[in-house]
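This report refers to the structure that appears directly beneath it.
The values are calculated or read from the model by the stated rules, or taken from the named source; none is laboratory data. Given the structure is predicted, the values throughout are model-derived calculations rather than measurements. Cβ placement follows ideal geometry from the backbone for every residue including glycine, while neighbour counts extend to all protein chains displayed.
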Amino acid sequence: MPRIVTVIVLLFLSIQVKAQDTSVEKKIQQTIRAFFEGLHNGDSTRIKKTMHRDVKLQTTFTNREGKKVLKSETKAQLLKAIASKKPTDVYLEKLGSYTIKVDGNLASVWTPYEFYVNGKFSHCGANSFQLFNNNGNWEIIYLVDMRRRQNSTALKAKK
């Protein structure tokens, strides 16, 4: 009988831990979704709420000459660009999936994507987010995206 009780307790605890993990992952996804809703709607205020005050933003790509490039952008530059979006322009970033890793108050999220402007394919690649749990509020502390012009086969495989 004591063995059965031990097994039941261990099973219950493992279910509780998994439920907590799922809840944390949902909160992290909510932060990222809010970021992209702000992007799609040209709402810099919504995006600002998803980012830590000291966020770092970078983009990497290969230029026309074949040189690998890493560009940095400030939070203020990103917010200004979003706020300057023409109301007639339609931005859509289709995410293929979320791969989320969490350890305490640090999370890492990988999202392959395709980006469209006014319904036309612009570029694709992957986003890498680092998030910090700022006392119950998941905030983006680092975002780097990789961009390429060729359509992603990885994203198509996820559809």
Fill in: Exclusive hit being more than 26 Å from residue 27 (Cβ to Cβ) and at pLDDT 95 or above, set 137, 118
118
Fill in: Residues of the range 28-53 satisfying the condition of being touching a residue at least 40 places away in the same chain (Cβ under 8 Å) and more than 13 Å from the chain's Cα centre (by Cα)
40, 42, 52
Response to the item:
Of (1) without any contact (Cβ under 8 Å) to a residue 60 or more places away in the chain; (2) surrounded by 15 or more Cβ atoms within 10 Å (Cβ to Cβ); (3) within 20 Å of residue 137 (Cα to Cα); (4) among the basic types (Lys, Arg), residue 56 satisfies every one except (1)
Response to the item:
Over the range 117-150, the set of residues of a type outside the set (A, V, I, L, M, F, W, C), in a strand (DSSP E or B) and in contact with a Phe, Trp or Tyr (Cβ under 9 Å, 6 or more places away or on another chain) is 122, 123, 125, 127, 128, 130, 139, 142, 145, 147, 148
Discussion item. Based on this model, can you work out whether residue 109 counts as closer than 14 Å to residue 144 by Cα, assigned to a strand (DSSP E or B) and touching a residue at least 40 places away in the same chain (Cβ under 8 Å)?
Written reply: yes
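Residues checked against (1) modelled with pLDDT under 95; (2) more than 19 Å from the chain's Cα centre (by Cα); (3) surrounded by fewer than 10 Cβ atoms within 10 Å (Cβ to Cβ):
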| residue | (1), (2), (3) |
| --- | --- |
| 60 | no, no, no |
| 72 | no, no, no |
| 75 | no, no, no |
| 80 | no, yes, no |
| 86 | yes, yes, yes |
| 99 | no, no, no |
| 102 | no, no, no |
Discussion item. Could you check the range 42-81 and list, in sequence order, the residues that are over 21 Å from residue 131 (Cβ atoms) and in a helix (DSSP H, G or I)?
Written reply: 80, 81
